[in-house]
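To keep things clear, I will list the structure first and then write my remarks on it.
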Amino acid sequence: MSENALIVYESMFGNTERIARAVRDGLRAYLPAETVPVNQAPDVVPADVRLLVVGGPTHAFSMSRLSTRQDAWKQGGLVTPVEVGIREWLAAMKQPAGDQVKRLQVTTFDTRIARVRRLPGSAARSAAKLLRRRGYQMLTTSESFFVNETTGPIRDVEIERAERWGAELGRLLTGSAKVA
Ligand SMILES: Cc1cc2nc3c(=O)[nH]c(=O)nc-3n(C[C@H](O)[C@H](O)[C@H](O)COP(=O)(O)O)c2cc1C
């Protein structure tokens, strides 16, 4: 069976979506990788997925909730709809069949505001905690990427860092050199 990476992302203003695509681009040097917005993500991770990456914006020091997504909407956001965020998707996610829980590696990322980066809250860390509690193996610790303001922009250096992080995930997962 071919092995793939799946990146499930939530994004209000488009910044996390840009990071998700950069992570995918970095991963693609090692294995096929696709991004999917959280409202279209399957509730069972397909059997050929070897790496699941989950990313979303940090809202109120953690993963978003309906109320915080509604706040974002009032500010003119909404790449993914308010109804579902990574918190709800992870809660509804069904355990994959057979030994996939053991084989599947996971990791998480978030976007948050650069100027308050020393504050503890991180959607990625909250998502990772939930995944670990459910028995999934973290390939790496979670990662944060920084926006200048609530709506962005996200600097090119962060996009480049996300692509390098994606490549690092690919290297760790496959333990191998790039595909041609
Ligand atoms: C309601 C709300 C709450 C937020 N809370 C935090 C926060 O606690 N810490 C932080 O660093 N950024 C916070 N932010 C900023 C978001 O992290 C930022 O909007 C997000 O990274 C942008 O990603 P997106 O364009 O994919 O939505 C908040 C934004 C909103 C709309």
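Coordinate-derived values only; no laboratory data. Just so you know, these numbers come straight off a predicted model, no measurement behind them. Heads up, the Cβs are rebuilt from the backbone with ideal geometry, glycines too, and the neighbour counts pull from every protein chain shown.
Couple of notes before you dig in:
- Over the chain: helical MRE at 222 nm, DSSP H runs n ≥ 4 each giving -39500 (n - 2.57), nearest 500: -10500 deg cm²/dmol
- Per residue, the Cα convex hull of the chain amounts to 105 Å³.
- Note on segment 79-180: percent of Cα-Cα distances in each 5 Å bin, starting at 0 and stopping at the bin with the largest distance, equals 2, 10, 17, 19, 21, 16, 10, 4, 1.
- Protection proxy ranking, highest mean first, for peptides 2-9, 152-159, 57-64: 57-64, 2-9, 152-159, where packing is the per-residue count of other beta-carbon atoms within 10 Å, averaged.
- Under 20 Å of direct C-alpha separation, and excluding same-chain neighbours fewer than eight residues apart, LYS74 reaches these aspartates and glutamates: GLU10, GLU17, GLU83, GLU149.
- For segment 133-140, 3J(HN,Hα) per residue [Karplus equation, 6.51 cos²θ - 1.76 cosθ + 1.60, θ = phi - 60°, Hz, x = Gly/Pro]: 4, 8, x, 7, 8, 7, 6, 8
- In this structure, the amide hydrogen of THR111, modeled 1.01 Å from its nitrogen in the peptide plane, lies closer than 5 angstrom to those of GLY56, THR58, PHE145, counting only residues at least 5 positions away or on a different chain.
- Of all beta bridges that DSSP places with both ends in segment 4-174, some 5 percent have antiparallel geometry.
- Contact order for the chain, expressed relative to its length and based on alpha carbon pairs under 8 Å spaced 6+ residues apart, stands at 31 percent.
- Alpha-carbon centroids, segment 92-113 and segment 7-70: separation in whole Å: 11 Å
- Convex hull volume per residue for segment 1-67, taking Cα atoms only, in Å³: 89 Å³
- Computed over segment 28-81, the range of Cα coordinates on each principal axis works out to 38, 24, 20 Å, biggest value leading.
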